[in-house]
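Heads up: the structure comes next, in structure tokens.
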Amino acid sequence: MIGHVGIPSQTQVKDWETKGEFVIDNMRLKDLRTIELVRQVAHHSADQVGKSGLESYLEDELRGSPGAHIRTVDVRRRPIGEPGTLLEAKSGRNVQLTLDSELSALGNQWLTDAFVKNFMESSSEPSIPESVTAALVVLDVNTGEILGLSSLPQLGQEIYQDSDLYRKLSKSTLGYFYDRCIGWSIDPGSTFKPMVALMGFSQGVISPEEKIPCQGVFDPRFPEKNKCNNHLFGEMDIQSAISKSCNVYFYEVGQRLGLQKLQKGAEEFGFWTRLISPFSKNGITSGVLYQESKGVRPEVNPVGTAIGRGFEVTPLQIAYAAMLLARRGDVIPLSLFMGQKDSVTERIFQEKSMLSLLNRQHYDVVIKGMIEATKTGTARKSDLEYFRAAVKTGTVKLPSGQNRRHAWMMGFAPAKDPEVAFAVVLQDQPGSGGSTAPVIEKLLEWLETHRQMRFRS
């Protein structure tokens, strides 16, 4: 997301000229006055410019005005006449992000540790792949500020300076040049279920008291389709369905809702929308943040949609939905620039939505299920119970034929009076959703130490 800087390409230089902007080394400057007037607003083909990410997007603000020492020389470049004029350089405007650089860097290490551990503990995956593919998003529940964005594989400046390595990575199917927090959308799996529950309540197709029987398959006539192997069979209420991640319960909710209502409800949670672009800078809205993805909307199968199959979202969108759950439907825009709210989420959610009109009881029962997941449910093997976290795991099996999955966890902490919301995903690896818990445990420990947040009672 931050991007990189470098010498402008010929394409960039031509783009400046097309726009009528000055490129000083391509101009014939006839006198000192022309030089003095032009130098402070002109580009130069040797200048360092933002090439990608925020470095590129904020180029005009960060670049400032270059300085110059102007003097008259003869054909042998010897100074003649009066001493030259010195034009002082002016710094660009500082832009302060809400991101904590230490948190984001540590997040990369936590993701790596969890990813490697899953491969080492898997009997069917003897070798660790060449690159870790994972993401972690951390949001401040009270302000909407984006505190941490960790994305792997991580690229350094040296990648862009090594043309051979750059070409090699560009051809890789691992998507090295995508930010997996905002630009790499995948199926959300069961992390979508808490939102489906609230959609069901809002449409009156389920109630908190209703129990739906689960015998391991949605339709006994088709025993190989729409199965559930996540728990002991029996009647499931909404709390146990969330904590145990019962597929059959949510198949039924999805069937009752239908695809159109599932789509509309998901949109109110911020899915299939660019949440942090375009930015509003100085009252002017422009541009699209580098590679931020909208994701992919479901087109068929409301039953599969209800358990997070057949469509794609980004980790940022999942984290934002977790934040809305934590706030009990009280919508708030995201912020990436300190002291500034993003215009898109502010505009999208400025009107009262289904989220804010729901009975608080509906949120409470869903959140109780997420709390129970840390005690007796899909996250029970973790220490998240002691952090008073509310979470929902997700496991997306990949069609590759290998024992590979996307492992998800979303949620917030503490469950009562939440301070932070999060989403983590380990991609294309053998672990299930619960295997992401060590990442969140380390995150909450760090926030207690460095942000004075209190999770453990």
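Here, each number is a calculation from the coordinates, and none is a lab measurement. Note that the coordinates shown come from a computational prediction; the quantities given were computed from them, not determined experimentally. Neighbour counts run over all protein chains shown; Cβ positions are idealised from the backbone, glycine included.
For a Förster distance of 25 Å, can you work out the FRET efficiency between the beta-carbons of Ser356 and Met453, rounded to the nearest 0.05? It comes out at approximately 0.45. Leu398 sits among other residues whose Cβ lies under 9 Å from its own Cβ, and their net charge, with Lys and Arg +1 and Asp and Glu -1, is +2.
Taking amide hydrogens as placed 1.01 Å from N in the peptide plane, the amide H of Met236 sits under 5 Å from those of Ile212, Cys214, each at least 5 positions away in sequence or on another chain.
Listed by Cβ neighbour count within 10 Å, with the fewest neighbours leading, Cys181, Cys246 appear as Cys246, Cys181.
Rg over Rh for the range 91-213 works out to 1.09, using Cα positions for both radii and the Kirkwood form for Rh. As a proxy for reagent exposure, Arg328, Arg309, Arg360 were ordered by neighbouring Cβ count within 10 angstrom, fewest first; the result is Arg360, Arg328, Arg309. Any idea what % of Cα-Cα pairs in the range 120-174 are farther than 16 Å? Cα-Cα pairs of the range 120-174 separated by over 16 Å account for 65 percent. Exposure proxy ranking for Arg404, Arg454, Arg78, based on other Cβ atoms within 10 angstrom of each Cβ and starting from the fewest, stands as Arg78, Arg454, Arg404. Spin-label pair Val75-Glu445: with each label point 7 Å from Cα along the Cα-Cβ axis, the two points sit 7.5 nm from one another.
For the pair Gln260 and Ser170 in one chain, pulling the backbone fully straight at 0.36 nm per residue adds 28.6 nm over the alpha carbon distance. Using a cut-off of 26 Å between Cα atoms, the listed pairs Lys375/Lys442; Lys117/Lys392; Lys168/Lys392; Lys294/Lys375; Lys368/Lys442; Lys244/Lys397 include Lys168/Lys392; Lys294/Lys375 as exceeding that distance. Each 10 Å bin from zero holds the following percent of Cα-Cα pairs in the range 101-450: 6, 26, 36, 24, 8, 1, 0.
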